[in-house]
Amino acid sequence: MKQKKLLPPLDYLRAFEAAAIHGSFAGAARSLSISETSISRKVRLLELHYDVPLFVRGHRSITLTPQGERLLAPVRNALDHLREASRGMLAQAGRDDVVNLAATNSVASLWLMPRLRRFTRANPRVRIRLTASDNDAECLGDGIDLAILRGDGDWPGYSARMLFGETVFPVCSPDYLRRHPEAATLEGLRKLDLIEIANQHTEWMNWRGWLEAQDAAAGPVGGATVFNTYPLAIQAAADGLGIALGWGHLVDRMLENGELVRPVGDVNARTHFGYYLLRREDRESFPELRIVADWLLAESAARQRYGARPVGDSSVPSQGSDEAIRDRDVTASQSPRTGGGSPTGPGPSRSKRERET
């Protein structure tokens with residue numbers, strides 16, 4: 001003989017509970033938004049499952065039998081536990097599917113935004129709340145789950161993975177280069193319309209510093225149009241206003257689609273800093289956060305690689321080398337040397353190692 005299942009279907013128990021609470025099948029039907037016939041049938045099937053009567057049926061009402069009274073308390077407790085567990089799961093899902101991601105203005109505008117549409121299409125249930133700021137304190141605020149900042153990898157209390165390094169080269173529009181072919185040489189370039197960035201981050205690499213990194217002869221540089229944010233400076237270059245300093249990986253898409261060109265070819269300057277993905281070590285992870293972090297690291301792994309001589313380093317090969325670099329996990333033990341949020345200058349060179357960025 002086939003053994004009877006120990007537990008009856010959950011909808012039988014819900015119908016029984018509702019009928020007992022309301023004292024009628026009609027009231028139970030209204031509370032569960034199903035027909036009275038359906039309630040009566042489920043209760044009858046539950047009675048058959050236990051082989052005992054659970055209700056005494058009257059003309060317009062029902063009352064519990066002793067067996068029904070004995071069953072009601074544990075059924076209500078069990079269903080209450082299930083409701084509470086379900087409520088908690090739904091509340092948790094409502095919190096955790098939003099990932100608070102912060103990045104510098106330049107990274108948010110030029111690197112993240114072109115990629116977000118593809119990510120959201122592939123992960124429709126994962127929502128990203130993006131904060132763009134060149135204020136490191138804001139990017140590392142209490143409500144932030146992941147941050148992308150520029151530095152050397154040392155942030156106390158954060159794990160850090162390098163997304164890309166810092167490689168800087170001139171960029172302009174194709175039309176500007178056609179009108180000013182002298183931009184193809186360092187000497188000619190320095191006399192043209194150079195686009196600068198000026199704000200509180202005085203350590204950002206500027207034209208004078210970039211030309212010095214190329215060992216270009218000392219001398220005045222051309223008149224500069226000044227902007228206070230990097231995305232504006234790059235857009236100005238794309239609009240033909242002059243020549244800006246382009247940060248590799250931030251301007252790759254505009255180079256690929258022809259909005260920008262590199263007038264002096266592969267000549268560039270590279271620092272020992274980079275852009276890192278940061279996550280607080282004392283913050284509990286959750287599935288959506290891991291999905292976003294894995295996506296950012298995958299985008300990093302697929303990036304174009306730049307090889308060049310680090311600024312201030314004469315002991316390594318010149319431009320064109322393509323040595324491999326390993327992204328690293330860093331448990332910070334020193335104060336961060338970040339130099340602000342967006343494209344920044346090299347600062348003192350602390351390493352002699354050639355790195356691909």
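Tabulated data for the structure shown
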| quantity | calculated |
| --- | --- |
| Test: residue in segment 63-86 that is in contact with a Ser or Thr (Cβ under 8 Å, 6 or more places away or on another chain), assigned to a strand (DSSP E or B) and either of a type in the set (Phe, Trp, Tyr) or in contact (Cβ under 8 Å) with a residue 24 or more places away in the chain (or both) | no |
| Hits in segment 266-303 - residues which are among the polar types (S, T, N, Q), under 30 Å from Leu186 (Cα atoms) and modelled with pLDDT under 90 | Thr271 |
| Whichever residue in segment 101-124 is farther than 20 Å from Val251 by Cα and free of Cβ contacts under 8 Å to residues at least 60 places away in the same chain and, among such residues, is nearest to the chain's Cα centre (by Cα) | Thr120 |
| Any hit, segment 207-214, residues being modelled with pLDDT of 70 or more, assigned to a strand (DSSP E or B) and either of a type outside the set (S, T, N, Q) or not assigned by TED's automatic domain parsing to the domain that holds Cys172 (or both) | no |
| Hits in segment 19-37 - residues which are closer than 19 Å to Asn77 by Cα and touching a Phe, Trp or Tyr at 6+ places or on another chain (Cβ under 9 Å) | Ala19, Ala20, Ala28 |
| Residue in segment 43-59 that is in a loop (DSSP other than H, G, I, E, B) and among the hydrophobic types (A, V, I, L, M, F, W, C) present | yes |
| Residues of segment 180-206 that turn out to be modelled with pLDDT of 80 or more and either assigned to a loop (DSSP other than H, G, I, E, B) or basic (Lys, Arg) (or both), as a count | 7 |
| Extreme residue, farthest from the chain's Cα centre (by Cα), among residues of segment 242-261 that are buried (at least 20 other Cβ atoms within 10 Å of the Cβ) and part of a loop (DSSP other than H, G, I, E, B) | Gly242 |
| Single match in Asp294, Asp282 (criterion: more than 30 Å from Glu182 (Cα to Cα) and part of a loop (DSSP other than H, G, I, E, B)) | Asp282 |
| Checklist (1) at pLDDT below 95; (2) surrounded by fewer than 18 Cβ atoms within 10 Å (Cβ to Cβ); (3) in a helix (DSSP H, G or I) applied to Ile34, failing item | (3) |
| Arg115 vs. criteria out of contact with any Lys or Arg (no Cβ under 8 Å at 6 or more places or on another chain) and loosely packed, with under 15 Cβ neighbours inside 10 Å | yes |
| Boolean, Ser109 is part of a helix (DSSP H, G or I), among the hydroxyl-bearing types (Ser, Thr, Tyr) and not assigned by TED's automatic domain parsing to the domain that holds Met162 | no |
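The values are calculated or read from the model by the stated rules, or taken from the named source; none is laboratory data. Quick caveat: nothing in here was measured; it's all calculated off a predicted structure. Counting neighbours? That spans all protein chains shown, and the Cβs are built from the backbone with ideal geometry, glycine included.
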